[in-house]
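A short write-up of the structure that comes next.
The values are calculated or read from the model by the stated rules, or taken from the named source; none is laboratory data. On a predicted model such as this, the values are computed, not experimentally measured, just so you know. As a convention, Cβ positions derive from the backbone with ideal geometry for all residues, glycine included, and neighbour counts pool all protein chains shown. The protein model used for the area step is the full one, side chains on, heavy atoms only, and it has no ligands, DNA or RNA in it. Shrake-Rupley method; radii C 1.70, N 1.55, O 1.52, S 1.80 Å.
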Amino acid sequence: MPSEESWQSKCTLLSLDNWLMLSDFTISLHLDFCNNSSVNTNLNFLPLTNFDIPIYNPLWHSESFQEEALDLILMANISVFVCFITLVFCFATGSVAKKEDGGIYELRKGDFSAKFTKWGAAIVSVVLPDKNGKLADVVLGYDSAKEYKGALVSALDKGQFWHFRRNDTTNFGAIVGRVANRIGGAQFTLNGTHYKLVANEGKNMLHGGPKGFGKVAWRVSKYKKGGHSPYIMFSYHSLDGEEGFPGDLIATVTYMLVGDYQLIVTMKAKALNKATPVNLAQHAYWNLGGHTSGDILSNEIQIFGSHITPVDKELIPTGKIVPVKGTPYDFLKPCTIGSKINKLPSGFNINYVLDDTAPNKVGLAAMVHHKKSGRMLELYTNAPGLQFYTSNFLKDEKGKGGFVYQAHAALCLETEGFPDSVNHPNFPSQIVTPGKSYHHSMLFKFSIRA
């Protein structure tokens, strides 16, 4: 066993700040002295990638492996070390999906394509033709994965590093959670235990807090770029206590192109050791005229929800469920967004109670038509609610190609559980217990209608 002095000299290069960014994973060598006589060497795969299954190999804890590994770090140049760690990773877990150029992953099926990034497991683009065959990207967003990554913030929490974005408030295309939408007072009580969460919108929590699922790096678990049904799967391991939520949670989202111009989004989660609320939502900003076409006020929309959950001035549900008939929220029959938006202070941002969905049933939630392009979107889901949001808070947001997005540049159709359901027993429960699974499906079906 090397001396303490020898270990200390070698540890200089391996402090917690000296971690390496590899293609789709980060490895940190974290050395701790125990009673000043022994060293515990751990290869910790950080929550930056959050593997579904904790990685462990007894070989890594042997004295011979520890000494050889550290000697290699000191003697080899960085490229050799990266190769070494990559080999260890592949040996322990098998191959991982190949990273695309710039951290962007593409799925393609004929002239229908979509791009994604691991940052927030976000949809970066969806490209499809209009009635004249002209292609356009119908999702707002950024050009590069670096822009989704934003300013990387590192924090040490429970002995592990966390990496998340703090400068992005749009959640462009991201999967938001652990609990999407708002939780009043950033707190709730479950099974007799009161949980205080991390507030990020005044005294309330929005989209899982400042380190919500839309602001962390997910791992690419599976990836098939082309073929009959191209798909990509992202996974994320949320630790017990993250943003105040109880229990470890494994979450996955799979995007798949099927049929003619159809995108399936499947979100799953499993509670590992404690009951916890789970409510994931896909936060894409849609503009069927193309992301550079201006506002969506001329879009015609129909929402298959005859009730809403009204909110207070902080956008927290009151607990009531009221009909939309006779209000600006009535889209039971198709009409343009612009014909009603001026009847509200800033635009639409409300949860609809869907009429034709159930946990084991996928029903039609909404339809959107852009007459100029002819593009039509039908959205199906098994979720009980639909948050209809007309990007009211967008302002001077520089997006793809340098285009600057303003308020009402897109619409969001976020199927999900009801907001703040953890504090309203009359709302459908979002609690997932160990051994049970969360399953949320969405189908975006695009077509052309004259």
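Worth pointing out:
- Gained length - V198 relative to V404, 0.36 nm times residue gap less alpha-carbon distance: 71.1 nm
- Anisotropy class of segment 288-417 from Cα gyration tensor, a/c 1.5 cut: prolate
- Peptides ranked, highest mean first, by Cβ atoms within 10 Å: ranges 181-189, 265-273: 181-189, 265-273
- Taking amide H as placed 1.01 Å from N in the peptide plane, the amide H of E201 sits under 5 Å from that of L206, each at least 5 places away or on another chain.
- For H307, the residues whose modelled amide H falls within less than 5 Å of its own, excluding neighbours fewer than 5 places apart on the same chain, are V324, V353.
- Segments 209-219, 357-367 sorted - mean Cβ within 10 Å per residue, highest first: 209-219, 357-367
- Between D240 and D312, the distance separating the two model label sites (each 7 Å from Cα on the Cα→Cβ line) works out to 3.3 nm.
- Solvent-accessible area per residue in segment 101-448 equals 38 Å², computed with a 1.4 angstrom probe and all protein chains kept.
- Its residue count N sets the reference 2.2 N^0.38 Å, and the alpha-carbon radius of gyration of segment 101-448 equals 0.93 times that reference.
- Taken along the Cα-to-beta-carbon direction at a fixed 7 Å, the label points for K320 and N423 span 1.8 nm.
- Computed over segment 324-404: relative contact order in percent, which uses C-alpha pairs under 8 Å that are six or more apart: 27
- When a 1.4 Å probe is rolled over the protein heavy atoms, the share of accessible surface on segment 101-448 that falls to carbon and sulfur comes to 52 percent.
- Overall form of segment 258-352 per C-alpha gyration tensor (a/c, 1.5; a/b vs b/c): oblate
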